[in-house]
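Novice: Take this structure first; my questions come after.
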Amino acid sequence: MRLPACALACLVGLILAAPAPAPAQAQEDATPRLSLELNRVDPLDGACRLTFVAENGFDADLAALSLETVLIDTEGRVERLTLFDFGALPAGIPRVRQFDVPGLVCESLGRVLINGVSDCGGAEGCGAALTLGSRTAVEVIG
């Protein structure tokens with residue numbers, strides 16, 4: 001089947017006029033991030049150890065980071081409210097922090113809710129910059 005000359009020219013014109021796909025973003029969003037990942041949950045004798053990987057994506061070191069944390073069981077009940085003190089976090093360098101929670105059975109932990117930022121070493125916007133994740137079956141929300 002032979003196409004009329006205009007049909008072929010029109011098709012080529014449509015292809016050339018179609019918007020190009022958006023270029024891949026060369027760099028990530030420039031907004032500073034403070035990432036927090038629950039990396040491990042390990043039962044201890046009479047306690048549960050929560051291991052976090054934290055990374056300060058701000059341009060400057062944070063003198064302190066303290067987070068109001070709510071531990072929620074697998075049935076959705078608040079087990080306890082506590083503060084996790086992550087201490088100083090240097091800019092751009094991941095840090096591992098562990099918290100042993102006495103009397104907590106790891107298997108009963110369903111979620112960790114970051115309820116708020118209690119201390120961010122004087123930096124502004126820590127709460128809005130917080131990104132959360134988990135490599136465990138325990139969900140981290142905030």
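Novice: Under 6 Å by Cβ, and 6 or more places apart or on different chains, what pairs join a residue from the stretch 123-137 that is within 15 Å of residue 54 (Cα to Cα) with one that is in a loop (DSSP other than H, G, I, E, B)?
Specialist: 126/120; 129/32; 129/33; 131/33; 132/142
Novice: A further question on this structure: If you check 70, 101, 112, 117, which single one turns out to be touching a residue at least 60 places away in the same chain (Cβ under 8 Å), surrounded by 16 or more Cβ atoms within 10 Å (Cβ to Cβ) and in a strand (DSSP E or B)?
Specialist: From the options 70, 101, 112, 117, the qualifying one is 112.
Novice: While we're on this one: Name the residue that is modelled with the lowest pLDDT, counting only residues in the stretch 120-142 that are more than 14 Å from the chain's Cα centre (by Cα) and open to solvent by 70 Å² or more (accessible area, probe 1.4 Å).
Specialist: 122
Here's the yes/no breakdown for (1) assigned to a strand (DSSP E or B); (2) open to solvent by less than 20 Å² (accessible area, probe 1.4 Å); (3) modelled with pLDDT of 95 or more; (4) touching a Gly at 6+ places or on another chain (Cβ under 9 Å):
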| residue | (1), (2), (3), (4) |
| --- | --- |
| 30 | no, no, no, no |
| 37 | yes, no, yes, yes |
| 54 | yes, yes, yes, no |
| 76 | no, no, yes, yes |
| 81 | yes, no, yes, no |
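The values are calculated or read from the model by the stated rules, or taken from the named source; none is laboratory data. Only a predicted model underlies this, so the values are computations on that prediction, with no experimental measurement involved. No Cβ is skipped: glycine too gets one built from the backbone with ideal geometry, and neighbour counts run over all protein chains shown. Surface accessibility is based on the protein's heavy atoms, side chains included, excluding ligands, DNA and RNA. Shrake-Rupley method; radii C 1.70, N 1.55, O 1.52, S 1.80 Å.
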